[in-house]
1. On a full-extension model of 0.36 nm per residue, what is the gain between Glu124 and Asp54, subtracting their alpha-carbon distance, rounded to one decimal in nm?
2. Sorting His61, His112 on the 10 Å Cβ count, fewest up front, what's the list?
3. Can you pull the percent of Cα pairs in segment 42-142 with separation above 15 Å?
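Every number in this text was worked out from the coordinates using simple rules, so none of it is lab data. Predicted model only: the values in this text are computed from it and were never measured. Cβ coordinates were reconstructed from backbone atoms using ideal geometry, including for glycine residues, and neighbour counts include every protein chain displayed.
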Amino acid sequence: MNFRASLDEGDGQFQLAPMIDVVFIMLTFFVAIFGMQQSERELEVKPPLSYSGDAINRKLHDIVINIRQDGTIIVNRKQWDINELRRQLKLFAAASTGESSVLIRADGEALHQNVVAVMDACIEANMYRFSFITVEKSVKAAH
């Protein structure tokens, strides 16, 4: 049996169609990721300014909790009260692998009590890894 005779070697030229497919798949992926990041930013929340702090490496399964100045809690563009947040965090903690964390993005003018209530909800759900999102303030601009 001669198997080599049935193989089509092609003309050895560069195939452009598969490369275009790969580019479109990558473009779709980046547009989807960008859209998810934008949905987590509540426009009415202005985080406090900070001179120090470390940038965090966000993971895809992290949850962002926005707290408006009036105490309204927003997660994924949905408004929740504190009881609904507790319930959802417990469900999220049960479904996660333990590597997820909570990012609290509170308005700089929000009452501390509202922020503490969100922190308590995280602890009740056994989610002890949470961070605060702030805006970096330049040292030069402060003087």
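1. Between Glu124 and Asp54, full extension yields an extra 22.6 nm.
2. His112, His61
3. 61
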